[in-house]
1. Which of the following values of Rg and Dmax of the Cα atoms in Å was calculated from the structure shown: [x] 13.3, 43; [y] 24.6, 73; [z] 15.9, 51?
2. Go ahead and run the numbers for FRET between Gln60 and Val38, Cβ-Cβ distance against an R0 of 22 Å, rounding to 0.05.
3. Relative to the longest principal Cα axis of the chain, at what angle does helix 47-56 sit, 0 to 90 degrees, rounded to 10?
4. Excluding Pro15 itself, what net charge comes from residues whose Cβ is under 14 Å from its Cβ, given Lys and Arg +1 and Asp and Glu -1?
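Readers should treat all values here as calculations from the given coordinates under stated rules, not as data from a laboratory. Remember, predicted model here, so these are calculated numbers, not experimental data. Every residue, glycine among them, receives a Cβ derived from its backbone with ideal geometry; neighbour counts consider all protein chains shown.
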Amino acid sequence: MNAVKVDDTRRVRLPMLAPGDYYVPEPMGENSILLHKVPPPRRQMTQAEVLAAIEESPVQFKSNWEALKAEVR
């Protein structure tokens, strides 16, 4: 068994793991941790991408704001 040391920023270097991979730690007791590989998280959309998606959306309001306010009040 090869021992690894935790550095000052609480990191552990494991040579068999690839950089950029994502793992979820699962504590298995007081002295054990199991790592589960998970897919990378989805990238968040930029403001420009969000606005473009809204413009391309098939959901469109047919009335203006004043008509909508009058309808719900």
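1. [y]
2. Values: r = 37 Å, r/R0 = 1.69.
Between Gln60 and Val38 the formula returns 0.05.
3. With rounding to tens, the tilt is 50 degrees.
4. Details: positive: Lys5, Arg11, Arg13; negative: Asp21.
It works out to a net charge of +2.
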